[in-house]
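First comes the structure, then the notes that go with it.
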Amino acid sequence: MSDKKYIIVTGGAGYIGSHTVLALRNNGYHPIIVDDFRNANKDVIERLESLLDEEVIYFSAACQEEPRLRGIFSQFPIHGVIHFAAYKAVGESVEKPLMYFDNNFGSLISMLELIKEFNVKHFVFSSSCTVYGDPKQIPVDENSPVSYNSPYGFTKKVNEEMIEQFIESVSEIKAISLRYFNPIGAHESGKIGEEPDGIPNNLLPFITQTAIGKREELTIFGDDYDTPDGTCIRDYIHVADLAEAHVAALNYLADANDRTTVVNVGTGKGTSVMEMVNYFQEETGVDLNYRIGNRREGDIPSIYANTSKANNLLNWEAKRSIREAISSSWKFEQFIKEFRK
Ligand code: UDP
């Protein structure tokens, strides 16, 4: 039997997934992408292959296509599954809750069924700091109260609990849910990054698209919050650091005492929207067209992570700066403009 550590990465052609594929491969794992490309471009595969200088193993399949997935699980000895594939837009989830329930619950159920059937021992789940709702105390640690204010947040919270209850019923499987804060940035080459479909919801893609002329202006959603400069505060983490947290999570699971755990993955530092805009202008020299607008419904004023658990348990910490993240995103925006011509 092969001693290669094959890792199924669902949603591996997506933003965080593709960076994780690189991090896995660069750390001796053998990623297998399972993605149905409904939210990702197939050309991500070629770009990954050019960065890795080798072929990437991928299958075009949805998580709920169990018969197809069974074929993949039978073909390779699978060491672990990292489950990214899910819908992730808060606003869309409010409009289409059933679509979110169907996909985000259904995909997880399929993956759990498969790991049980094929005796896969390690499972890493993409959760989100959205499970903290509007926290009373910041920074938030893993024991902070959880709540949700959208169907999307509800799916993340319930998914975490589904994993915990499932793990109770099977021996030998260990799982970890990583609660991501705000991923930003791109690969240092500028060839892999975040390419949202349509109008971006997230701040940095909106900034880079405005700077390159795809959007007219950035609206800063409110400057009357109870924060030092009045704009909201988030914990922005470089996607390459976040990707490495998945490698650390797999390494941890191999020897973990606890069979399930949840871990915050952030930097531990809060940055305001206004600071992000200023960093962007300083880093790129581009004058950004922006205005102050109304608050966006559902936004929380401030959140950032207590990262002690990730530091101690996973032996991981964020290493890259916000400025590095911003300049890599800008490099990617310029690359993708040419690439899509
Ligand atoms: N934001 C903004 N204008 C935009 C997009 C986002 O001012 O066009 C703000 C938003 O109000 C929030 C922060 O940027 O305070 C991060 O928003 P994002 O949607 O990226 O992350 P989330 O709110 O989900 O943490």
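If we scan the stretch 291-306, do we find a residue that is under 21 Å from the mean Cα position of the chain (by Cα), part of a helix (DSSP H, G or I) and buried (at least 18 other Cβ atoms within 10 Å of the Cβ)? No, that holds for no residue.
For residue 52, the criteria (1) in contact (Cβ under 8 Å) with a residue 40 or more places away in the chain; (2) surrounded by fewer than 19 Cβ atoms within 10 Å (Cβ to Cβ); (3) over 14 Å from residue 155 (Cβ atoms); (4) among the hydrophobic types (A, V, I, L, M, F, W, C) hold in every case but one, which is (1).
So that you can scan it fast, the table gives a plain yes or no per residue for (1) free of Cβ contacts under 8 Å to residues at least 12 places away in the same chain; (2) farther than 25 Å from residue 197 by Cβ:
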site: 316; (1), (2): no, yes
site: 324; (1), (2): no, yes
site: 328; (1), (2): no, no
site: 338; (1), (2): yes, no
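Scanning the stretch 171-202 for residues that are touching a Leu at 6+ places or on another chain (Cβ under 9 Å) and of a type in the set (A, V, I, L, M) turns up 173, 175, 176, 178, 184, 192. Put simply, of 168, 161 the only residue that is open to solvent by 10 Å² or more (accessible area, probe 1.4 Å), without any contact (Cβ under 8 Å) to a residue 24 or more places away in the chain, farther than 20 Å from residue 183 by Cβ and touching a strand residue (DSSP E or B) at 6+ places or on another chain (Cβ under 9 Å) is 168.
With respect to being buried (at least 18 other Cβ atoms within 10 Å of the Cβ), at pLDDT 95 or above, under 19 Å from residue 197 (Cβ atoms) and β-branched (Val, Ile, Thr), residue 44 fits the description. For residue 255, the requirement of being without any contact (Cβ under 8 Å) to a residue 60 or more places away in the chain and either under 15 Å from residue 275 (Cα atoms) or in contact with an Asp or Glu (Cβ under 9 Å, 6 or more places away or on another chain) (or both) is not met. Yes or no: residue 105 away from the ligand (no atom under 16 Å from the Cβ), closer than 21 Å to residue 37 by Cα and open to solvent by 20 Å² or more (accessible area, probe 1.4 Å)? Against the criterion (away from the ligand (no atom under 16 Å from the Cβ), closer than 21 Å to residue 37 by Cα and open to solvent by 20 Å² or more (accessible area, probe 1.4 Å)), residue 105 qualifies. Of the residues making up the stretch 58-70, those that are part of a helix (DSSP H, G or I) and either open to solvent by less than 40 Å² (accessible area, probe 1.4 Å) or under 16 Å from residue 45 (Cα atoms) (or both) are 66, 69. Selection of first residues in the stretch 184-206 that are within 8 Å of the ligand (Cβ to nearest atom) and of second residues that are of a type in the set (Val, Ile, Thr), restricted to Cβ pairs under 6 Å at least 6 apart or on distinct chains, gives the following pairs, ordered by first then second residue: 204/184.
Residues in the stretch 224-235: is at least one of a type in the set (S, T, N, Q) and in contact with a Pro (Cβ under 7 Å, 6 or more places away or on another chain)? For the stretch 224-235, residues of a type in the set (S, T, N, Q) and in contact with a Pro (Cβ under 7 Å, 6 or more places away or on another chain): present. The residue that is least open to solvent (accessible area, probe 1.4 Å), counting only those in the stretch 234-269 that are over 23 Å from residue 157 (Cα atoms) and within 16 Å of the ligand (Cβ to nearest atom), is 238. In this structure, is residue 317 open to solvent by 70 Å² or more (accessible area, probe 1.4 Å), charged (D, E, K, R) and more than 23 Å from residue 140 (Cα to Cα)? No; evaluated as a whole, the condition is false for this residue. Working only within the stretch 211-232, note down all residues that are within 10 Å of the ligand (Cβ to nearest atom) and open to solvent by 60 Å² or more (accessible area, probe 1.4 Å). Listed by number, the residues that qualify are 217, 221, 223. Within the stretch 73-109, the set of residues being in a loop (DSSP other than H, G, I, E, B) and in contact with a strand residue (DSSP E or B) (Cβ under 9 Å, 6 or more places away or on another chain) comprises 76, 77, 84, 85, 86, 88.
Yes/no matrix, rows are residues, columns are (1) in contact with a Lys or Arg (Cβ under 6 Å, 6 or more places away or on another chain); (2) aliphatic (A, V, I, L, M); (3) closer than 25 Å to residue 153 by Cβ:
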| residue | (1), (2), (3) |
| --- | --- |
| 277 | no, yes, no |
| 283 | yes, no, no |
| 293 | no, no, yes |
| 300 | no, yes, yes |
| 305 | no, yes, yes |
| 310 | no, yes, yes |
| 313 | no, yes, yes |
| 322 | no, yes, yes |
| 327 | no, no, no |
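Looking only at the stretch 270-282, filter to residues that are crowded, with 18+ Cβ neighbours inside 10 Å and more than 10 Å from the ligand (Cβ to nearest atom); which one of those is nearest to residue 183 (Cα to Cα)? Once the filter is applied, the top-ranked residue is 270.
The values are calculated or read from the model by the stated rules, or taken from the named source; none is laboratory data. Please read these numbers as outputs of a predicted model, since none were measured by experiment. All Cβ positions, glycine included, derive from the backbone under ideal geometry; neighbour counts span all protein chains shown. The protein model used for the area step is the full one, side chains on, heavy atoms only, and it has no ligands, DNA or RNA in it. Shrake-Rupley method; radii C 1.70, N 1.55, O 1.52, S 1.80 Å.
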